[in-house]
Amino acid sequence: MQALRLCIERLIPVRKERLIQLDLPPARNLEEIAARCQSILAAVGEGRITPGEAQTVSETLSNHAHLLEAVNTQQSIKRNEAYNQAYKEKQEKRQRDEQSRLERLFNGTIQPAKA
């Protein structure tokens, strides 16, 4: 019987933490993550969760914040790259148009020198 219990505990480990109830809807930005941290602190103050449980949940929120920052940075880089590409294309077109205008201007106004 003891051997069977050991096998089952290896397959299905005994939960070490208790289940906690917190109303933490998904956060879509850093401001919402900060609000969730305030909710965690309030839960500790009210005695609904322990400081250790709060630390675990806060670490999860911190990881989520780092993820959001990385996504925001990546989106910002993509926007900047798109802007730079559009600016470069606009400058190249402006240069081509200016070159064409100068060629038309010089082709119509410059006459070969007479000897």
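The values are calculated or read from the model by the stated rules, or taken from the named source; none is laboratory data. Given the structure is predicted, the values throughout are model-derived calculations rather than measurements. A quick note on method: Cβ atoms are made from the backbone with ideal geometry, for glycine too, and the neighbour counts reach across all protein chains shown.
Mind listing whichever residues of region 1-50 are of a type in the set (D, E, K, R) and either surrounded by 10 or more Cβ atoms within 10 Å (Cβ to Cβ) or part of a helix (DSSP H, G or I) (or both)? Let's see the steps before the verdict.
Filtering region 1-50 down to residues of a type in the set (D, E, K, R) leaves 5, 9-10, 15-18, 23, 28, 31-32, 36, 46, 48.
Of everything in region 1-50, those that are of a type in the set (D, E, K, R) and either surrounded by 10 or more Cβ atoms within 10 Å (Cβ to Cβ) or part of a helix (DSSP H, G or I) (or both) turn out to be Arg5, Glu9, Arg10, Glu31, Glu32, Arg36, Arg48.
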Q.
Take Glu53 and tell me if it is assigned to a helix (DSSP H, G or I), modelled with pLDDT under 95, surrounded by 13 or more Cβ atoms within 10 Å (Cβ to Cβ) and of a type outside the set (S, T, N, Q).
A. yes
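Find the residue count for region 73-85, including only residues that are more than 27 Å from Asn29 (Cβ to Cβ) and among the hydrophobic types (A, V, I, L, M, F, W, C).
Taking region 73-85 as the starting set, the residues that turn out to be more than 27 Å from Asn29 (Cβ to Cβ) are 85.
With among the hydrophobic types (A, V, I, L, M, F, W, C) added as a condition, the list becomes none.
The qualifying residues number 0.
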